[in-house]
1. If the chain between residue 22 and residue 4 were fully stretched, how many nm would it gain, using 0.36 nm times the residue separation less the Cα-Cα distance?
2. When the Kirkwood radius is taken over all Cα pairs of region 226-323, what Stokes-Einstein diffusion coefficient follows at 20 °C and 1.002 mPa s, in µm²/s?
3. Run the numbers for residue 285 and residue 223: contour at 0.36 nm per residue of separation, minus the present Cα-Cα distance, in nm.
4. Over the Cα atoms of region 21-71, what is the Rg over Rh ratio if Rh follows Kirkwood?
5. Can you figure out the FRET efficiency of residue 430 with residue 107, using R₀ = 41 Å and their beta-carbon distance, to the nearest 0.05?
6. Given the C-alpha atoms of region 286-400, compute the convex hull and give its volume per residue in Å³.
7. Return the distance in nm (one decimal) between the two label points of a simple spin-label model at residue 200 and residue 165, each offset 7 Å from Cα along Cα→Cβ.
8. Between region 254-271 and region 223-250, what is the separation of their alpha carbon centroids in Å?
């Protein structure tokens, strides 16, 4: 079973302030007409010492953005650049969100509280800095489902409806508005480093590398890795490890993020910034989530390639601090690390004990082939064959000799597939939009959390950054 987040006392630690002069711009939140609390993550509020806040206090801090005690006195909109669909864009930055606080957990991890839909900033360009309520509901669902499936993801901590009527081109308008607060390890992006490289600020780049290594620690590079004592090389190795595991976790979950630009890539390896995401209705490498991704650049099967390419852009930025050969050596680890992570996570979802790299790779191939041939939605496939059950043909041969992992047999034999396909997402939103009925959403979240409890914690590589 998966352990619940443990209660902690509130420990403010706004370390980002040390870098704020060149990393961010102080901003103010929008003054919203109303602050109706719609979602409060009672699994995670206690883990950061905020479980004792009343709902009125919660609305003040996360709807009106009154600063938390001893924390950032004013929100910070972070500066960054990025490749968007492989085209470099220097006109980026937090355009509808900001960093509002940093805290420490009981085990001394640094966590960020960041927003989405909190108003305009100097980086908003032509945007209104707002978030639709539908977008907030979709982010609740995405983060809850990914967390249950063992993906390292930001957590949706709070959603407050703000009483504005927004115009959007991709959904019926006017539509309701919201402000969301997410909990994550950090908001330093690959694009953050790209900006410093373009502006030729090696001193600030060095400071940012040191900040990341200190506050988001990971394992040292392999003993034979060239340049392993250089901080920039150490950081790239850590990011490569984390993003290889993230790519694998998306693939095993059957999840399509949709927009894998370098400004959407967090160096902590967390999945975040959810827009046009989808879960696969069937196993299809060409399935694309974003209607505007006409070339399928970020299609399901190309996600590992996209994350590897993004790691390459971080390596290019870090050339200010290190020679190319040790950075290239770090990048070359992505493929083997990804394959190992797929095997590790695949056997976990299958509910069997790993049988070695060669057998596990054969199991993955046989499973993918079975999903393509049967047309089974991935969650239905995992449930049907949990513990090696109900197999035949090539899949049965691939599973021969595998032992089932310890698990809650009563749950798995009585459960229904816990899918999150687009029709259900639209139905959950319709209940809110048409009748202001939130109970179907809350019931779905509870059902997703039961799946997460039954799956238990996912296997992690040695030295992996713990999930928030």
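Taken together, the values in this text are just the output of simple stated rules run on the coordinates, not laboratory data. Just so it is clear, the model here is predicted, and its values are computed rather than measured. Virtual Cβ from ideal backbone geometry, glycine too; neighbours counted across all protein chains shown.
1. 2.7 nm
2. It comes out at roughly 152 µm²/s.
3. Stretched out fully, the residue 285 to residue 223 stretch lengthens by 18.7 nm.
4. 1.02
5. Once rounded, the FRET efficiency stands at 0.50.
6. Convex hull of Cα atoms, per residue: 127 Å³.
7. Between residue 200 and residue 165, the label points sit 5.2 nm apart.
8. 16
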